[in-house]
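Here is the structure we will look at.
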Amino acid sequence: MNKTLVQQQFGKTAAHYLTSTPHALGKSLERLVTLTAPQKDWRVLDIATGGGHVAYTFAPHVARVWATDITQEMLDMVKLEAAKRGLANIRTTYAKAEQLPFDDASFDLVTCRIAPHHFDSIPEFLTEAHRVLKPDAVLAVVDNVVPPGIVGDYVNAFERFRDPSHLRAWTMEEWRAAIKDAGFVLGHDEQIYKKMEFKSWAQRYDDTMKRLLRAMLSEVTPAVKEVLEPKGEGDDFTFRLCEGLFIARKH
């Protein structure tokens, strides 16, 4: 994926990610805190912070949070929002997920939420996360996941059609294998379903594109419909996506 495409896509929609329900209020935010049990002396790195929601959530529990991204508009917004919330322990810096500007063994926790499906290389991201974590420290990842096979391929194609910066969401099995291969011990994983409001999800497009996207949700095989669960009419039309949550320790 050309980094410039990601920067363009997220730069022009930065403000949306601050208020987007799946990003700002998703169940996985609460689960991350519960499952990682952050400590007051921890240094945390949030990779591809986007709207900064993981950073805001963890900041009251830890000593320092570094929020990184490759989109300057996102970083500027996070810096302003952290100041508004009185979170003085959040720092922002430009960083590519596969090439982090931090020393080895310098963090107690690395987080990354709803972003890896945009990365050039998830294995390289995991390798870098492993490098910057202290021994026995924690990795916490949340990302969209898809079923194996043709249904998962359809969901990925559908998402990429709407957003060209979406490369590919992985299956749960692919994540488990990659986390192990990167030198982590996987302690917990789970799937979390999230309801997507079509009106908000497709708001950047004109009516013709919205009709096509809606047809791609509704006029599908029973197997795809079972996964995406399109429901409702008009402005109340919804569908669902699935997130995989993974908690692992550096081996």
Magnitude of the Cβ-charge dipole (Lys and Arg +1, Asp and Glu -1) of the chain about the Cα centre, nearest 20 debye, reported as 480
Once you order the gyration tensor axes a ≥ b ≥ c over the Cα atoms, which shape class does segment 72-218 get: rounded for a/c under 1.5, otherwise prolate or oblate by comparing a/b with b/c? oblate
In a Gaussian network model over the chain where Cα atoms closer than 10 Å are linked, find which of 38, 222, 135 has the largest mean-square fluctuation. 222
What part of the accessible area of the chain, given as a whole %, is carbon or sulfur when the probe is 1.4 angstrom? 53
Rough spin-label spacing in nm, given labels placed 7 Å along Cα→Cβ, for residue 181 and residue 223: 2.4
Violating pairs (Cα-Cα greater than 28 angstrom) within the set 96/225; 96/210; 96/250; 27/231; 84/250; 96/180: 96/225; 96/210; 84/250
7 Å from Cα along Cα→Cβ at both residue 40 and residue 121: what's the point-to-point distance in nm? 4.1
Over segment 126-223, what is the mean sequence separation of C-alpha contacts under 8 Å (at least six apart), divided by residue count, expressed as relative contact order in percent? 28
Relative contact order computed over the chain (Cα-Cα under 8 Å; 6+ residues apart), in percent: 19
Of 71, 169, 144, which is farthest along the charge dipole of the chain in the positive direction, counting Lys and Arg as +1 and Asp and Glu as -1 at C-beta? 71
Given charges of +1 on the Cβ of Lys and Arg and -1 on the Cβ of Asp and Glu, with all other atoms neutral, how large is the dipole of segment 116-201 about its Cα centre, in debye to the nearest 20? 220
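Given +1 on the Cβ of Lys and Arg, -1 on the Cβ of Asp and Glu, and no further charges, what dipole in debye does segment 105-251 carry about its Cα centre, rounded to the nearest 20?
140
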Work out the charge dipole of segment 212-251 with +1 on the Cβ of Lys and Arg and -1 on the Cβ of Asp and Glu about the Cα centre, then indicate which of 245, 232, 218 is farthest towards its positive end. 245
Inter-label distance for residue 80 and residue 30, nm, one decimal - labels placed 7 Å from Cα along Cα-to-Cβ: 3.0
Segment residue 160-residue 235, length gained on full extension (0.36 nm per residue, minus Cα span): 24.7 nm
Nearest 500 deg cm²/dmol is fine: what mean residue ellipticity at 222 nm does the chain get from its DSSP H runs of n ≥ 4 alone, each adding -39,500 (n - 2.57), divided by its residue count? -11500 deg cm²/dmol
Residues of segment 94-251: accessible area per residue with a 1.4 Å probe, Å²: 47
Segment 184-216 and segment 115-147: distance between their alpha carbon centers, rounded to Å: 21
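The values are calculated or read from the model by the stated rules, or taken from the named source; none is laboratory data. In this text, all values refer to a predicted model and were calculated from it rather than measured experimentally. All Cβ positions, glycine included, derive from the backbone under ideal geometry; neighbour counts span all protein chains shown. The area values use the complete protein model at the heavy-atom level, side chains included, leaving out ligands, DNA and RNA. Shrake-Rupley method; radii C 1.70, N 1.55, O 1.52, S 1.80 Å.
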